[in-house]
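**Q** Sharing a structure below in structure tokens format, with a few things to ask.
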Amino acid sequence: MKTSLSFLHFLVLTLFPLKSSSSATTEAEALVQWKNTLSPSSSLNSWSLSSPRNLCRWTGIRGNTSGSVSQIDLSDASLSGTIENLDFNSFSRLVFLDLSNNLLEGSIPPEIGNLMEIQYISLYNNNLAGEIPYQIGNFRKVEHLDFGSNYLEIPDCFLDLSLNHLTGTLPQSLFDNLVKLEHLNLTANSFEGPLSANLTKLSKLKDLRLADNFFTSYILDSISLISDLRILELFNNSFQGDIPASLGQLNSLENLDLRMNSLNLTIPPEIGQMHFQAPSHRRGNLQNLQALDLSTNHFSGEIPPTVGNLTNLSILQLYSNNLTGTIPPVIGDLRSLEVLDLNTNQLSGQLPESVSNLVSLKSLSVFTNNLSGILPRQLGRNSPSLANVSFSNNRFSGELPPGLCSGFALNQFTVNNNSFSGPLPDCFKDCKNLNRVRLEGNRFSRNILDAFGVHPNLEFLSVGRNQFTGQLTPKYWERRIRGYQNKWYRRSVNDILFPCAGI
């Protein structure tokens, strides 16, 4: 039975092969070579290597201003044979290909994906068979694609329709006809409405990406029935309500990204709960989860201590919510954690001592909360890759930990608007990668000339409203910052806001 796939935008894992150069001679040779594999047709009588300079006058051939073939229109040309012998690599400037309403058979060769400039392609109403090659995902400029009325099959595993302009609700045929699908990517379209409960018919899915659309209503509780899911991306939609506790059943899940929605209520403790028993009696603890992003929602309540059981987690982002309470000390058990971002919430209390145990930590961001007290003395000493630190806009006090920058990897360091005091750590002057530093609005003291070393990448420094002594002169910075520009907003050391080169 012939398939109906008109105006199909079927994109899958995209490859980027090298573009091949073409000339009138190579294009003419490729066309004649293909002609010789077809059954004789009077439509192609003008195709002859005796007149390659007249290539653009051959039947069905049109060229661009540089003489390259830009259009091949052989619809209704009584062609019989295959397109497997057509050297698509020779037509790097082709924008239009119409072979519809012929008797072509065989398969569509994967080399068709090398038509990187194609905008219109129709193979409609032939006898083509086999799977549509996933290399057509290279058609980034296509506006019309019609493979309908053939005997073609959609590949079982992959369907990537991302970065298009598809609208409306998800079609029922998606759930009825693609039950073997393992990877579905509909990111960056304009789909809308609630998710259909029939989504669970795609029970073999391992990768489900529906991000950056206009989906509404609630996240389906039944998604947990797609038990092999490894990636679930629903970010930047308009989902509301809570996170279904049943997501704790997804034992294979590695990436859960629900940021930029309107989710509210609390973060369910079932995320990470070690002994959660679902109704199906399957244990659900998300022990394979590597990335959890619930940022930019409306979650309230406390961070559940069960997140400390997600021992494979490398990214935990809960920023821009309404979370309250303290940071649970069990976060220090996440020895694989590289990114901890809790900024812009209403968290209170101290930064737990256990955060000093995060040996893989690269980024620690807790700015704009109600945190207070003294930072853990060992913070940074066990985290040699720590590059981004932001404690701004809290109520921290005391001296900065002496080993905070002991790995010398610091790049962004912002602690402004707290009550820190004392000198900067000695290791600070050896951080060659420093790019942005904000110290203003504290009670740092001692001679500021002792705090800095040579920082060739420093672009922004703000040290105002402190108790530093000494004077940072232009001559001082000329020796320490590559490309230094003499731009000073204020000369007093405790009021200085200093943008360096590039700012």
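The values are calculated or read from the model by the stated rules, or taken from the named source; none is laboratory data. Since we're looking at a predicted model, the values are computed, not measured. A quick note on method: Cβ atoms are made from the backbone with ideal geometry, for glycine too, and the neighbour counts reach across all protein chains shown.
**Q** Does the stretch 118-149 hold any residues that are part of a loop (DSSP other than H, G, I, E, B) and closer than 16 Å to ASP87 by Cβ, and which are they?
**A** Those that are part of a loop (DSSP other than H, G, I, E, B) and closer than 16 Å to ASP87 by Cβ: ILE118, PRO133.
**Q** Would you confirm whether any residue within the stretch 425-448 is over 20 Å from ARG465 (Cβ atoms), in contact (Cβ under 8 Å) with a residue 24 or more places away in the chain and touching a Ser or Thr at 6+ places or on another chain (Cβ under 6 Å)?
**A** Looking for residues that are over 20 Å from ARG465 (Cβ atoms), in contact (Cβ under 8 Å) with a residue 24 or more places away in the chain and touching a Ser or Thr at 6+ places or on another chain (Cβ under 6 Å), one finds at least one in the stretch 425-448, hence yes.
**Q** OK, next. Being over 19 Å from SER372 (Cβ atoms) and at pLDDT below 95 is the requirement here; does THR296 meet it? Working first, answer last.
**A** Working: over 19 Å from SER372 (Cβ atoms): yes; at pLDDT below 95: no.
In short, no.
For every residue, the table says whether it meets (1) more than 18 Å from LEU79 (Cβ to Cβ); (2) out of contact with any helix residue (DSSP H, G or I) (no Cβ under 6 Å at 6 or more places or on another chain).
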{"position": "ILE118", "(1), (2)": "yes, yes"}
{"position": "ASN125", "(1), (2)": "no, yes"}
{"position": "ALA129", "(1), (2)": "no, yes"}
{"position": "GLN135", "(1), (2)": "yes, no"}
{"position": "ASN138", "(1), (2)": "yes, no"}
{"position": "TYR151", "(1), (2)": "no, yes"}
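**Q** Oh, and also: Pick out, from the stretch 313-394, the strands (runs of 3 or more DSSP E) lying fully within it that include 2 or more residues that are hydrophobic (A, V, I, L, M, F, W, C). Even if it seems obvious, please write down each step before you answer.
**A** On the way: elements: 315-317, 339-341, 363-365, 370-374, 388-390.
The qualifying strands (runs of 3 or more DSSP E) are 315-317, 339-341, 370-374.
**Q** When you go through ILE118, ILE136 one by one, which is the residue that is modelled with pLDDT of 90 or more, crowded, with 16+ Cβ neighbours inside 10 Å and closer than 24 Å to ASN102 by Cα? Step through it out loud before you land on a result.
**A** Details: ILE136 fails: modelled with pLDDT of 90 or more.
Only one candidate qualifies: ILE118.
**Q** Is there a residue being free of Cβ contacts under 8 Å to residues at least 12 places away in the same chain, part of a loop (DSSP other than H, G, I, E, B) and over 30 Å from ASN321 (Cα atoms) anywhere in the stretch 458-473? Can you show your working first?
**A** Of the residues in the stretch 458-473, the ones free of Cβ contacts under 8 Å to residues at least 12 places away in the same chain are 473.
Of the ones still in play, those that are also part of a loop (DSSP other than H, G, I, E, B) are 473.
The next check asks that each one be over 30 Å from ASN321 (Cα atoms); those that pass are 473.
Scanning the stretch 458-473, I find at least one residue that is free of Cβ contacts under 8 Å to residues at least 12 places away in the same chain, part of a loop (DSSP other than H, G, I, E, B) and over 30 Å from ASN321 (Cα atoms), so the answer is yes.
**Q** Then there is this: Is there any pair with a first residue in the stretch 239-262 that is over 14 Å from ILE315 (Cβ atoms) and modelled with pLDDT under 95 and a second that is charged (D, E, K, R) and outside any loop (DSSP other than H, G, I, E, B) whose Cβ atoms are under 6 Å apart and which are 6 or more apart or on different chains, and what are they?
**A** Sorted first by the residue in the stretch 239-262, then by its partner, the pairs are PRO244/ASP221; SER246/ASP221.
**Q** Could you give every pair whose Cβ atoms fall below 6 Å, whose first residue belongs to the stretch 382-400 and is among the charged types (D, E, K, R), and whose second residue is surrounded by 15 or more Cβ atoms within 10 Å (Cβ to Cβ), counting only separations of at least 6 or pairs across chains?
**A** ARG395/SER372
**Q** Failed condition for SER75, given (1) in a loop (DSSP other than H, G, I, E, B); (2) outside the structural domain of LYS204 (by TED's automatic domain parsing); (3) touching a His at 6+ places or on another chain (Cβ under 7 Å), with all others met?
**A** Among (1) in a loop (DSSP other than H, G, I, E, B); (2) outside the structural domain of LYS204 (by TED's automatic domain parsing); (3) touching a His at 6+ places or on another chain (Cβ under 7 Å), the lone unmet condition for SER75 is (3).
**Q** If I filter the stretch 219-235 down to residues being of a type in the set (A, V, I, L, M, F, W, C) and assigned to a loop (DSSP other than H, G, I, E, B), which single residue comes out as surrounded by the fewest Cβ atoms within 10 Å (Cβ to Cβ)?
**A** Of all residues in the stretch 219-235, those of a type in the set (A, V, I, L, M, F, W, C) come to 219-220, 223, 225-226, 229, 231-232, 234-235.
From what is left, the residues that are assigned to a loop (DSSP other than H, G, I, E, B) are 219-220, 226, 229, 234-235.
Details: ILE219: 23, LEU220: 18, ILE226: 21, LEU229: 22, LEU234: 23, PHE235: 22.
Looking at the filtered set, the residue picked out is LEU220.
**Q** Something else about it: For the stretch 89-108, indicate whether the set of residues that are buried (at least 17 other Cβ atoms within 10 Å of the Cβ) and in contact with a Lys or Arg (Cβ under 7 Å, 6 or more places away or on another chain) is non-empty.
**A** yes
**Q** Tell me whether the stretch 443-464 contains one or more residues that are within 14 Å of LEU400 (Cα to Cα), of a type in the set (A, V, I, L, M, F, W, C), buried (at least 16 other Cβ atoms within 10 Å of the Cβ) and modelled with pLDDT of 90 or more.
**A** So the first thing to find is which residues in the stretch 443-464 are within 14 Å of LEU400 (Cα to Cα), and the list is 443-446, 451.
From the residues that got through so far, the ones that are of a type in the set (A, V, I, L, M, F, W, C) too are 444, 451.
From what is left, the residues that are buried (at least 16 other Cβ atoms within 10 Å of the Cβ) are 444, 451.
Next cut, modelled with pLDDT of 90 or more only: 444.
Taking every residue of the stretch 443-464 in turn, at least one turns out to be within 14 Å of LEU400 (Cα to Cα), of a type in the set (A, V, I, L, M, F, W, C), buried (at least 16 other Cβ atoms within 10 Å of the Cβ) and modelled with pLDDT of 90 or more.
**Q** Regarding the stretch 26-49, can at least one residue be identified that is assigned by TED's automatic domain parsing to the domain that holds ASN125 and modelled with pLDDT under 85?
**A** No, the stretch 26-49 contains no residue that is assigned by TED's automatic domain parsing to the domain that holds ASN125 and modelled with pLDDT under 85.
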